[in-house]
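Peer 1: Sending over a structure as structure tokens; questions will come in a sec.
The values are calculated or read from the model by the stated rules, or taken from the named source; none is laboratory data. Every value quoted in this text rests on a predicted model; they were computed, and no experiment measured them. Note: ideal-geometry Cβ built from the backbone for every residue, glycine included; neighbour counts use all protein chains shown.
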Amino acid sequence: MGKDIRLFPLPDIDHSYDDASHIPREIFEEASIKQNPEDVLLCNSLNIEQRSAYDEIMAAVYIKQGGLFFVDGPGGTGWTFLYRALLAKLHSQDKLVVATATSGVAASIMPGRRMTHSCFKIPLTIEEGGCCSFMKQSGTAKLLQQAALIIWDEASMTKRQNVEALDNSLWDIMGRSDLPFGGMDCCPWWGF
């Protein structure tokens, strides 16, 4: 149409990843997500309900026994504030946290701006008992194995089969079919 692609405000290509480092690209990208340094102090401003959820989730992360936490509340009640506090605290301790969202709007306010389908390789059409489309030796699998916490914003807006696909896949890569999500600490955030 007579336009030059350089006229559009596209992001620059990141050439900082080095294949020779033997670090999967997914882990490199997650570790490279910029956090607001001031977010580390958010845990000091949590209200009673947020603080209770924060403490319980952080305790599960530290003991590494896995857990599944559902945070529910209407818009404006501070669950975004809570997940920012969790992300900042864990990132400040050099822990990997996978933060995703079901919708593009919710993903746009999350660090990394990832949607669950692309992050977890969930097939667009999925059957009962389905799995995510990543291999056990893939970078995605290695990222999920090393992650201290998975946050899934707006989990209530997805199909049950999508959540079950992630559950089945985590059972496989974590080797723990006796625990939900293979023993990972997961926070599906239910926001209405």
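Peer 1: Considering the stretch 54-86 alone, what residues qualify as being without any contact (Cβ under 8 Å) to a residue 12 or more places away in the chain and part of a helix (DSSP H, G or I)?
Peer 2: Those that are without any contact (Cβ under 8 Å) to a residue 12 or more places away in the chain and part of a helix (DSSP H, G or I): ASP55, ALA59, TYR62, ILE63.
Peer 1: Could you run through the stretch 107-116 and say how many residues are in contact (Cβ under 8 Å) with a residue 12 or more places away in the chain and either more than 17 Å from ILE33 (Cα to Cα) or in a helix (DSSP H, G or I) (or both)?
Peer 2: The number of residues fulfilling the criteria is 2.
So that you can scan it fast, the table gives a plain yes or no per residue for (1) in contact with a His (Cβ under 9 Å, 6 or more places away or on another chain); (2) of a type in the set (A, V, I, L, M); (3) modelled with pLDDT under 90:
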position	(1), (2), (3)
ASP94	no, no, no
ALA99	no, yes, no
ALA107	no, yes, yes
PRO111	yes, no, yes
MET115	no, yes, no
SER118	no, no, no
LYS121	no, no, no
ILE126	no, yes, yes
CYS132	no, no, no
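Peer 1: Of the numbered conditions (1) free of Cβ contacts under 8 Å to residues at least 24 places away in the same chain; (2) out of contact with any Ser or Thr (no Cβ under 9 Å at 6 or more places or on another chain); (3) buried (at least 21 other Cβ atoms within 10 Å of the Cβ), LEU143 satisfies every one except a single condition; which is it?
Peer 2: Of everything listed in (1) free of Cβ contacts under 8 Å to residues at least 24 places away in the same chain; (2) out of contact with any Ser or Thr (no Cβ under 9 Å at 6 or more places or on another chain); (3) buried (at least 21 other Cβ atoms within 10 Å of the Cβ), LEU143 misses just condition (1).
Peer 1: Turning to a different aspect of this structure: Please tell me if ASP178 is in a loop (DSSP other than H, G, I, E, B), of a type outside the set (A, V, I, L, M) and closer than 19 Å to GLN35 by Cα.
Peer 2: Answer is no for this residue.
Peer 1: Would you confirm whether or not the stretch 35-53 contains a residue that is under 19 Å from GLN93 (Cα atoms), modelled with pLDDT under 85 and assigned to a loop (DSSP other than H, G, I, E, B)?
Peer 2: Yes, the conditions are met somewhere in the stretch 35-53.
Peer 1: Show the residue pairs that are 6+ apart or on different chains and have beta-carbon atoms under 9 Å apart, the first residue being within the stretch 1-19 and within 21 Å of GLY139 (Cβ to Cβ), the second being modelled with pLDDT of 75 or more and outside any loop (DSSP other than H, G, I, E, B).
Peer 2: ASP14/GLU29; SER16/PHE28; TYR17/ARG25; TYR17/PHE28; TYR17/GLU29; ASP18/PHE28; ASP19/ARG25
Peer 1: Among the residues of the stretch 168-186 satisfying the criterion of being among the hydrophobic types (A, V, I, L, M, F, W, C) and touching a helix residue (DSSP H, G or I) at 6+ places or on another chain (Cβ under 7 Å), which is surrounded by the fewest Cβ atoms within 10 Å (Cβ to Cβ)?
Peer 2: Here the answer is MET174.
Peer 1: For the stretch 62-81, which residues satisfy the criterion of being crowded, with 21+ Cβ neighbours inside 10 Å and in contact with a Leu (Cβ under 7 Å, 6 or more places away or on another chain)?
Peer 2: VAL71
Listed here are the residues, each with its yes/no results for (1) surrounded by fewer than 19 Cβ atoms within 10 Å (Cβ to Cβ); (2) part of a strand (DSSP E or B); (3) without any contact (Cβ under 8 Å) to a residue 60 or more places away in the chain; (4) of a type outside the set (Phe, Trp, Tyr).
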| residue | (1), (2), (3), (4) |
| --- | --- |
| VAL105 | yes, no, yes, yes |
| SER118 | yes, no, yes, yes |
| THR125 | yes, no, yes, yes |
| PHE134 | no, no, yes, no |
| ILE150 | no, yes, yes, yes |
| GLN161 | yes, no, yes, yes |
| LEU166 | no, no, yes, yes |
